[in-house]
Amino acid sequence: MAEGVAHRRGSAPTVPTGDRPRSSGALAALEPSRGNHAPGTGPGPSNPAAGNLEPGNLEPGNVEPVNVEPVNAGAGGAGLSNSALHGLPAAVAVPRYDRDGLVPAIVHIGVGGFHRAHQQVYFDELCRRTGTPGWGVIGVGLHRPLMGQVLRAQDGLYTVVVRSAEGDEVRVVGSLVDYLFAPDDPEAVLGVLADERTRIVTLTITDTAYPDGEVDVGLDEVRADVEHPEAPGTAFGYLVEALARRRGAGLPPLTVLSCDNVPHNGGATRAAVVSTARLRDPELADWIDQRVSFPSCMVDRITPETTPELREEVAARLGVRDAWPVVTEPFSQWIIEDDFCNGRPPLELAGAQFVEDVAPYSLLKTRLLNGVHSALGHLARLSGFGTAPEALADPVLRDYAVGYLHEVAALLQAPPGVDLAAYCDATIERLSNHRLADRIPRLCRRGSTKIPAYVLPSLRSALRRDAPRAHLVLATAAWMRALRGTDHRGRPFELDDADGLRLQPVARAAGTDPRPLLDRRDVFGSLGDDPRAVRELRGALEALDRDPLAAAVLARSGARGWAA
């Protein structure tokens, strides 16, 4: 337990504590504190001319393709920095706490757009509300150096624009105290992970980084974890080596908190870390299994990719340049299993919820929000829409999305205090935020990972119960059809999905016959063994080839046979 913080095992309030309710049911959001006050200075170098940054991609925590070019911020084109905070407009919420005094108790691996719009905002809010210096964050990148270049040039500061129908709230986040790029200096990363001050490691490394159970020793990066622990190949290898050093030094273990959309993410992280350790030292593996906490959590906040237009807008609003701001929605939710081995931050003061069992909340979010993202995304892409709000402005697609949510909700048991109907309504409202304009290609990204995780489990459940499933069948068929790489009018689009590209030749050759794809049991499991699934998917593919919007109307009619 954290010092002076009582655990709240078993509690599951429908709205996070604090004064920031936004929606009914389990919905709530963070509101930044107001006012521009003299901030403390933070660590890191003063801001040089930050325009000489190479274009590149975000860490896997968001995998956000964005070209970071310098923007014209007015006279001199000054960049965001500690010294610039004093001159920002009064409407911008800036750090009022002493950034120099922050203790780096948390290391986050995978600093992408989502992390900066979600977990980092909670830590920033905690600092603002309590003034407690004990929970500063060090960011770690594993794959691409650009994020570190940007953050170092900006003294670790960046802007979050919270965009709603009523207007924008803008805050500068200051809780990030340093950033390390692991390939450049693995020893520095291992050093902070093994530092006595570090209590928690959080992860957003994407679902594809997690093995299915134990790690595969045949992979080069896993072999590096074992054979070269001083320069590991994966996040799990870094954790194992750091824990070995902590154990050898007689230091307390760490809490490792995965914030990725992985089923039972705590257990998945434990399996990956312990199996990596067992390849090195069975006794170390047992120590980790017994002493390290791996709580599960559920995270939720829609965070579109950063665009050049957003950077220009932020520069005009602030009067200084932020090379990598983040835009997000008002809604934010973080539900965390209350299982920490080396103290925990009182994040309930910033709006998080600590509960005994995260699973019901994770299931609700992945099956409903993530599921409808994929269902709407692929159908809208085939129909030629560019953003989620544009798609939901079409009554046919809006009715389809509503129908999908209610079809899936009927298969779920609501977590304590959650109104499923209100949750579904709020989900449609969130996706319809025209000022956020979440792009359809982002919703479709990594479909070969998302559809099996977020849609197919609901389809299997509906088949077992012989429950209504026309929307689920169409969602699955729309992804199968989208694998061909063209929309309804034959216009090509890019598949941002490595596994999907491997399936593309199969999808093109199969046409409206779902069986060749269903034969891929690594993706579909035993779904192809059910003749109802084969028949209904064939009918849905035929309907999609005729007209995607007409297919959506047919789904709303409850058709199972998908007759012409």
*If you bin the C-alpha pair distances of region 82-355 every 5 Å from 0, what whole percents do you get?*
1, 6, 13, 17, 19, 16, 12, 8, 5, 2, 1, 0
*To the nearest 0.05, what FRET efficiency results for Arg515 and Ala90 with a Förster distance of 60 Å applied to their C-beta separation?*
0.40
*Given 0.36 nm per residue, what is the gain on full extension from His406 to Glu196 after removing their alpha carbon distance, in nm?*
70.7 nm
_Residue-level accessible surface for Glu494, protein heavy atoms, 1.4 Å, Å²_ = 140 Å²
*Could you pull out which residues in region 392-435 have an amide N less than 15 Å from a spot 7 Å beyond the Cα of Ala467, following the Cα-Cβ vector?*
403-415, 420-421, 424
*Size of the chain as Cα extents on the principal axes (Å, biggest first)*: 68, 59, 45
*Normalised by the residues of the chain, what does the relative contact order come to in percent, with Cα pairs under 8 Å and at least six apart?*
16 percent
*Tally Lys/Arg at +1 and Asp/Glu at -1 over every other residue whose Cβ is under 9 Å from the Cβ of Pro229; what's the total?*
-3
_I need the calculated FRET efficiency for the pair Asp212 and Ser83, taking r as the beta carbon distance and R₀ as 56 Å, to the nearest 0.05._
0.70
*Full-stretch length increase - Glu283, Glu309 - with 0.36 nm per residue and alpha-carbon distance subtracted*: 4.0 nm
*Could you list log10 I(q)/I(0) for region 359-558 at q = 0.11, 0.12 Å⁻¹, which the Debye formula gives when each Cα is one point scatterer?*
-0.44, -0.52
*Take the Cβ-Cβ distance between Arg291 and Gln413 as r, set R0 to 30 Å, and report the resulting FRET efficiency rounded to the nearest 0.05.*
0.30
*Roughly how many percent of the accessible protein surface of the chain is carbon and sulfur, given a 1.4 Å probe and a whole-percent answer?*
50 percent
_Run lengths n ≥ 4 of DSSP H only: what is the helix-derived mean residue ellipticity at 222 nm for the chain, with -39500 (n - 2.57) per run over all residues, to the nearest 500?_
-11500 deg cm²/dmol
*Could I have the simple spin-label model distance between Ala188 and Val553, label points 7 Å from Cα toward Cβ, reported in nm to one decimal?*
6.0 nm
_Just to be sure I understand: if I project the alpha-carbon convex hull of region 467-564 onto a plane and average over all orientations, what area do I get in nm²?_
6.0 nm²
*Amide H contacts of Ala323 (H built 1.01 Å from N, under 5 Å, at least 5 apart or other chain)*: Leu80
*Solvent exposure of the chain as accessible area per residue, Å², 1.4 Å probe*: 36 Å²
*What percent antiparallel are the DSSP beta bridges of the chain, to the nearest 5?*
40 percent
*Any idea how far apart His143 and His434 come out in nm if each label point goes 7 Å out from Cα toward Cβ?*
3.5 nm
*Where does region 408-498 land on Rg/Rh, using Cα atoms and the Kirkwood Rh?*
1.01
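The values are calculated or read from the model by the stated rules, or taken from the named source; none is laboratory data. Every value quoted in this text rests on a predicted model; they were computed, and no experiment measured them. Cβ sites come from the backbone with ideal geometry, for glycine too, and all protein chains shown count toward neighbours. SASA here: full protein model, heavy atoms, side chains in, ligands and nucleic acids out. Shrake-Rupley method; radii C 1.70, N 1.55, O 1.52, S 1.80 Å.
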